[in-house]
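What follows draws every value from the coordinates through simple rules; no lab data is involved. Everything numeric in this text was worked out from a predicted model, so none of it was measured.
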């Protein structure tokens, strides 16, 4: 039972007692409870997969150093709690971009900390705590990305963005909202447009033929892609060939559709 429900019921009870009638007490109590419940519903966080963080329970013991006689872990020896917090904030915001945070997405996060950064069981528990915090209290994405940019070398920033694309695709196709968040992250991490496109192509395919349909190469900028599409769409629009006869109109329609399909695929790849 939420705090609003409890408070509403108490206020309703007090109002009923002031009136003095038994029926008034019951009615005001019920009305107050419903009002409080409505308040709780309005202020509740988006629903989460109840199993989302289940994979963060430690599943193996820390490795032991026979000479020291105690558990060792590279990350426990040098705690990087601030970096872990900033990284978790970024992961949660990308996972949240399409709505609910799912277990498959959290698995990607765990794998990143465990395999890429070498976090051991104790450090993973710290990560789990940060994730729970940010699931309940959405972080400031731009601030977290800026902090990651300051703490990570270029190669690690590229690896982070690569993992974020893996996370976004963990639950299926990529949504426009996810692409927009990933674009903000790439910019905040200081990753060049060319490097970002290379990461996108690694996950979604290069689609060189789509660039060729627009008379471009994959290293074309976003501005060049949009300009080429507008020019070709205007040139091959079926309405412009309608007076040239049926065959010419059909050819123009096919070329127009080819141009539009190519542009839509490039938009999907680049998150335009």
Point to revise | Cα extents of region 176-228 along the three principal axes, largest first (Å) | key: 31, 22, 20
Review point. What is the Cα radius of gyration of region 208-270 over 2.2 N^0.38 Å, N being its residue count?
Key: 1.16
Practice item. In vacuum, with every alpha carbon of region 75-204 counted as one equal point scatterer, what does the Debye formula give for log10 I(q)/I(0) at q = 0.15, 0.19, 0.21 Å⁻¹? Two decimals, please. Key: -0.64, -1.07, -1.34
Review point. Given 10 Å bins starting at zero, what is the percent of C-alpha pairs of region 125-272 in each, up to the one with the largest pair distance?
Key: 10, 31, 28, 16, 10, 4, 1, 0
